[in-house]
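Presented below is the structure to which this report refers.
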Amino acid sequence: MPHRPSLRGTICSIGFCELRDAGFVALAAQLIVLREKRDIDVGNGITDRLPHTRVSARNEPAKALVEFSKDPNEPVRLVGSALANFKLGHKRESDAALAQMITNYADYSPSGVATVYAFRGESDEAFKWLDRAYMEKDALLYAMKFRTEFNGLHDDPRYKALLKRMNLRE
């Protein structure tokens, strides 16, 4: 039986993501196709938050750190803090946020953990967590195709293999 991403009981929050040009439109179109093909289980109790107009952890990490600290969703705060602190050169603070993310939300959002490792250039750890996200049917895994935090993984054969397993085009 093919892998079916599940959104059941998930809070879809991609506010911490940077999306490529037209990425969100393409992502929305792909979700419509998946829903029509019944390849995605939408379940109940979903809260969707469209991408915020938020400063980028990559381009304005100090401002991003302030913005992320205001987010009511703790996993978003932790991932954002890990990204922004890493970009600011505050490795200890980035490591602490990542450790807290793993301790408290590894089961909830393995793709969030993968996001941090990918952004930091730690590809082996990123793929470990992406594989876990795939196995656990993490609803946000598909967004790796559009999130710029994963750009450093695109030339890795494991990235293309994961897209193929997910039935996503390159």
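Here, each number is a calculation from the coordinates, and none is a lab measurement. Remember, predicted model here, so these are calculated numbers, not experimental data. Counting neighbours? That spans all protein chains shown, and the Cβs are built from the backbone with ideal geometry, glycine included.
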| query | Mind listing which trypsin sites (Lys or Arg not before Pro) in segment 88-170 are in a DSSP loop and have 10 or fewer other Cβ atoms within 10 Å? | reply | Arg169
| field | Relative exposure of Val113, Val76, Val66, judged by other C-beta atoms within 10 Å (fewest first) | value | Val66, Val76, Val113
| field | Segment Asn104-His154, length gained on full extension (0.36 nm per residue, minus Cα span) | value | 15.2 nm
